[in-house]
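Undergrad: Here's a structure for you.
Read the figures in this text as sums done on the coordinates, not as results from a lab. From a predicted model like this one, the values you see are computed outputs, not experimental measurements. Here the Cβ positions follow ideal geometry from the backbone for every residue, glycine too, while neighbour counts run over all protein chains shown.
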Amino acid sequence: MRFFSGTSTIAAQEFAMTRNAAAAAIALLMTTSSLAFAAETSPTVGAASPSAADLKSLTDMRIGIVKAALQLTPDQEKYWPAIEDAIRTRAKNRQARLERIAELHENGAMDGLNDGNPVEMMQRRADRLIQRGTDLKKLSDAWEPLYKTLSDDQKRRMAFVSFAVMRGMRNAIEQHGGPEDEDE
């Protein structure tokens, strides 16, 4: 009887540590995602835009937080490289779009949009949406095999982390109010 008592105590302690680690990771994600989106979408506040190294660091943190929250098993780890690659590609392409927007603002090209060719503007917008859709499709395709192997607990943590990220993105979009990120 003592063996089972000790085992359940150890299991309870491990569960508490795991739960605390996941909670800390999610709290960090929620904090950093809001700050990151604010930094990415509010360069006019007086602070300089984040550097490419800063954005890479934020992406690294986000990836680490998601992976830590999921607590992958060794069998599940084999699916992670494709997911990480898709996340990094999506972040890199988003940064390129933001840099292009900043460049247009700096060159005054955004001031003349009302006088510009609306067909060309729609075509550029369509191209950006296609790129974003391609990136999202690659990400969902990468997640699919891993998702099938997740336990119910891992799926709940993934849903929560996804919700936190989506909420942070929505808040950033609402604060920014720009047409570029309206459906991000």
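Undergrad: Tabulate in residue order the Karplus-calculated ³J(HN,Hα) for the range 121-131, using 6.51 cos²θ - 1.76 cosθ + 1.60 with θ = phi - 60°, rounded to whole Hz; enter x for Gly and Pro.
TA: Working through the residues one at a time gives 4, 5, 5, 5, 4, 4, 4, 5, 5, 4, 4 Hz.
Undergrad: In a shell of Cβ-Cβ distance under 15 Å around Lys138, excluding Lys138 itself, what net charge do Lys and Arg (+1) and Asp and Glu (-1) give?
TA: +1
Undergrad: Computed on alpha carbon atoms, what radius of gyration and Dmax characterise the range 125-168, expressed in Å?
TA: In Å, with Rg to one decimal and Dmax whole: 13.2, 39.
Undergrad: What FRET efficiency would be calculated for the residue pair Ser140, Ser57, taking the C-beta separation as r and a Förster radius of 25 Å, to the nearest 0.05?
TA: The formula returns an efficiency of 0.50 here.
Undergrad: Follow-up question, since we're still on this one. Rounded to the nearest 0.05, what FRET efficiency do Arg100 and Arg167 have when you use their Cβ-Cβ distance and R0 = 25 Å?
TA: Rounded to the nearest 0.05, the efficiency is 0.40.
Undergrad: Okay, moving on. I'd like to compare 125-133, 64-72: which one has the highest average count of other Cβ atoms within 10 Å, and what's the full order after that?
TA: Ranking the peptides 125-133, 64-72 by packing returns 64-72, 125-133.
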